[in-house]
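Worksheet: one structure, shown below.
The values are calculated or read from the model by the stated rules, or taken from the named source; none is laboratory data. Just so it is clear, the structure is predicted and the values come from calculations on it, not from any experiment. Every residue, glycine as well, gets a Cβ built from its backbone with ideal geometry; the counts of neighbours run over all protein chains shown.
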Amino acid sequence: MYPDLLGKVAVVTGAATGLGAGIARRFLEEGMCVVVNYHSDARRQAAEDLVAWSENLSAAGERQSKARAVAVQADVSVEEGVFALRDAALETFGRLDVWVNNAGIEVRYKTHELPLEAWDKMIAVNLTGTFLGSRTAIEHWVELEKPGCIINLSSVHERIPWPTFAAYTASKGGVKMFTQTIALEYADRGIRANCIAPGAIETPINAEKFDDPKARALTQSMIPSDAIGQVSHVADAAAWLASEQSDYVTGHSLFVDGGMSLYADFQRGDG
Ligand code: NAI
Ligand code: BGC
């Protein structure tokens with residue numbers, strides 16, 4: 001638990017499922033207030049279930065009884081979407097402290113067959129969405145001369161090239177450089193920006209792959225710690241990055257990947 005997080009307000013994008021939902025739950029367990037963003041009607045129920053879960057948290061303790069959540073539909077790739085999320089934080093909870101750009105998509109194409117529309121969509125959600133969310137939060141903090149914290153979900157693929165996922169890797173490499181740039185630009189205002197760079201984590205984005213035992217084993221063999229990651233690994237990193245415990249950390253990519261980004265083929269000392 002991080003004492004300073006109690007009562008702080010966060011926006012978490014794409015929070016109906018996977019890592020976003022895990023981060024939102026972790027923040028709520030800290031006694032934070034969370035805007036739970038979901039995109040499509042298909043995700044509405046999951047977002048509302050998360051809000052209902054938060055309403056039952058009071059049984060967990062005094063701190064958790066302060067947790068509040070609201071589900072808000074928005075597309076992060078358009079300005080009105082992120083404005084709606086900011087407004088929901090300010091109107092429902094009266095402040096904004098943390099913004100997590102988590103929403104993301106992934107499609108696989110050989111690069112010479114990658115349609116422009118698929119490239120554009122990937123960049124729009126993963127990179128433009130991260131820019132729009134960050135800009136909206138920073139604008140608010142600059143106006144109020146307040147500190148703030150941005151957490152962007154990049155990936156091990158901000159560093160590791162990934163054939164047939166060129167649009168995805170380009171978007172995540174972009175998220176990394178964008179994050180470092182805003183970290184530098186706003187450090188003297190007390191605004192921090194960091195990435196979490198997860199490896200292979202058990203979420204819907206990987207569900208199809210991990211349902212196939214052979215594909216799952218292959219991915220696992222690429223992870224030095226020999227385990228697929230869990231949502232809680234990433235949620236714990238997000239809570240630390242949101243808290244004052246990390247207040248000297250900015251422009252950093254925190255790899256939560258069981259060593260996946262460490263050139264796993266070298267694990268036995270060959271080469
Ligand atoms: P997920 O598919 O469960 O989550 C993505 C969420 O983003 C979904 O809830 C989806 O509805 C939402 N979303 C998509 N387009 C949106 C839009 N236009 N506006 C608002 N929300 C939108 O998958 P997961 O794994 O939870 O992914 C979360 C983030 O973590 C993504 O950015 C992904 O690239 C990143 N990541 C995931 C890894 C993994 O192994 N699961 C590893 C590295 C990075
Ligand atoms: C992707 C996952 C993949 C992981 C490791 C993530 O960015 O979203 O699908 O398993 O990287 O390759």
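Worth a mention:
- Hey, residue 143 in contact with a helix residue (DSSP H, G or I) (Cβ under 6 Å, 6 or more places away or on another chain), modelled with pLDDT of 95 or more and among the charged types (D, E, K, R) or not: no
- Boolean, residue 82 is in a helix (DSSP H, G or I) and surrounded by 15 or more Cβ atoms within 10 Å (Cβ to Cβ): yes
- Residue count, segment 12-32 (criterion: within 15 Å of ligand 2 (Cβ to nearest atom) and over 13 Å from the mean Cα position of the chain (by Cα)): 0
- The set of residues from segment 155-183 being free of Cβ contacts under 8 Å to residues at least 24 places away in the same chain and in contact with a helix residue (DSSP H, G or I) (Cβ under 7 Å, 6 or more places away or on another chain) comprises 157, 161, 162, 169, 173.
- Test result for residue 261, more than 11 Å from ligand 2 (Cβ to nearest atom), of a type in the set (Ser, Thr, Tyr) and surrounded by 15 or more Cβ atoms within 10 Å (Cβ to Cβ): no
- Every test in (1) aliphatic (A, V, I, L, M); (2) away from ligand 2 (no atom under 14 Å from the Cβ); (3) crowded, with 17+ Cβ neighbours inside 10 Å is passed by residue 156 save one, and that test is (2).
- Within segment 1-52, the set of residues being in a loop (DSSP other than H, G, I, E, B), crowded, with 16+ Cβ neighbours inside 10 Å and hydroxyl-bearing (Ser, Thr, Tyr) comprises 2, 13, 17.
- Filter result (basic (Lys, Arg) and either surrounded by 12 or more Cβ atoms within 10 Å (Cβ to Cβ) or in contact with a Cys (Cβ under 7 Å, 6 or more places away or on another chain) (or both)) within segment 199-227: 209, 216
- Within segment 159-179, the set of residues being more than 13 Å from the chain's Cα centre (by Cα) and either buried (at least 22 other Cβ atoms within 10 Å of the Cβ) or within 13 Å of residue 127 (Cβ to Cβ) (or both) comprises 167, 168, 169, 170, 171, 173, 174, 177, 178.
- Qualifying residue in segment 113-122 (condition: buried (at least 22 other Cβ atoms within 10 Å of the Cβ), at pLDDT 95 or above, on the phi < 0 side of the Ramachandran plot and under 14 Å from the mean Cα position of the chain (by Cα)): no
- Filter result for residue 182 (hydrophobic (A, V, I, L, M, F, W, C), buried (at least 17 other Cβ atoms within 10 Å of the Cβ) and within 16 Å of ligand 1 (Cβ to nearest atom)): no
- Output for segment 157-210, where each listed residue is in a helix (DSSP H, G or I) and among the hydroxyl-bearing types (Ser, Thr, Tyr): 168, 169, 171, 179, 181, 186
- Residue among 1, 32 that is under 24 Å from residue 138 (Cβ atoms) and touching a residue at least 12 places away in the same chain (Cβ under 8 Å): 32
- Tally of residues being surrounded by 22 or more Cβ atoms within 10 Å (Cβ to Cβ) and among the aliphatic types (A, V, I, L, M) across segment 128-153: 5
- Any pair with Cβ under 7 angstrom, 6 or more apart, that starts in segment 134-148 at a residue that is farther than 15 Å from residue 11 by Cβ and ends at one that is assigned to a helix (DSSP H, G or I): 142/189; 147/141
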